[in-house]
Amino acid sequence: MSRRIVSTQYQAASKATVDTYFDKVIKFIPADIVGAWIAVTGLISSDDGAPQSTLLWITFAVGAVLTLFWTLKQTSVPKKKPAITQAGLSTGAFIVWIFALGGPFATLSFYRPLYGSLALIFYTLAVGLVTPIED
């Protein structure tokens, strides 16, 4: 299965089927980058001498940029426009996932785990309703 969201299908052009709501939700979530985030935060938290808050913020910024470019690479198809909408929404999904997990946001005074959980639920439900226009 391609990582790129398929929103239109021409009769003889492709064997790919148009992605459903649930297919789009799965393709918008950068599970590989979120998994890497979990591993990295485990490493950072295991070192008591490291400046954990600073490392978490730097890693978060790197992860967000990496998500954008990784998604663009994963969704590239010859003779098609880059999947900018999907890459942007996947980057948003990474940010919301990290917000829900706490990460560097847990160091901010306004942060509550409830806010992250609610944001994750609503973002995940809403993102599946978006149909990228790049096809």
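The values are calculated or read from the model by the stated rules, or taken from the named source; none is laboratory data. Here the structure is a predicted model, which means the values were calculated and not measured. No Cβ is skipped: glycine too gets one built from the backbone with ideal geometry, and neighbour counts run over all protein chains shown. Just the protein is used for accessible areas: all its heavy atoms, side chains included, with ligands, DNA and RNA removed. Shrake-Rupley method; radii C 1.70, N 1.55, O 1.52, S 1.80 Å.
What is the P(r) of the chain, as percent of Cα-Cα pairs per 5 Å bin from 0? Pair shares across the bins are 2, 10, 19, 20, 17, 12, 9, 6, 3, 2, 1, 0, 0.
Since only Phe22, Val77, Leu120 are under comparison, the one whose Cα sits farthest along the positive direction of the charge dipole of segment 1-124, derived from C-beta charges on Lys, Arg, Asp and Glu, is Val77.
May I ask you to list, by number, the DSSP H helices of the chain whose Cα span along the axis is at least 24 Å and whose average Kyte-Doolittle hydropathy reaches -1.0 or more?
Values: long enough: 52-74 (31 Å, 1.06); 84-101 (25 Å, 1.61).
Qualifying helices, which must be both long enough and hydrophobic enough, are 52-74, 84-101.
What number comes out for accessible area per residue over the chain if the probe is 1.4 Å? Units Å², please. Provide the component values of the computation, followed by the final result.
Details: 8150 Å² over 135 residues.
Result: 60 Å² per residue.
With runs of 4+ DSSP H residues as the only contributors, calculate the mean residue ellipticity of the chain at 222 nm using -39,500 (n - 2.57) per run, divided by the residue total and rounded to the nearest 500. That comes out to -19500 deg cm²/dmol.
Placing Thr17, Thr124 in order of accessible area, with the largest value first and a 1.4 Å probe, yields Thr17, Thr124. Comparing mean-square fluctuations of Leu101, Leu68, Leu114 from a GNM of the chain with C-alpha springs under 10 Å, the top value falls on Leu114.
Considering only protein heavy atoms and a 1.4 Å probe, what is the carbon-and-sulfur percentage of the accessible area of the chain? Write out the running numbers ahead of the final one.
Numbers: 5730 of 8150 Å².
The value for the chain is 70 percent carbon and sulfur by accessible area.
In debye, nearest 20: dipole of segment 10-135 around its Cα centre with unit charges on the Cβ of K, R (+) and D, E (-)? Don't skip to the answer; put the middle values down first.
Numbers: 8 positive and 7 negative charges, 86 e Å.
Magnitude of the dipole: close to 420 debye.
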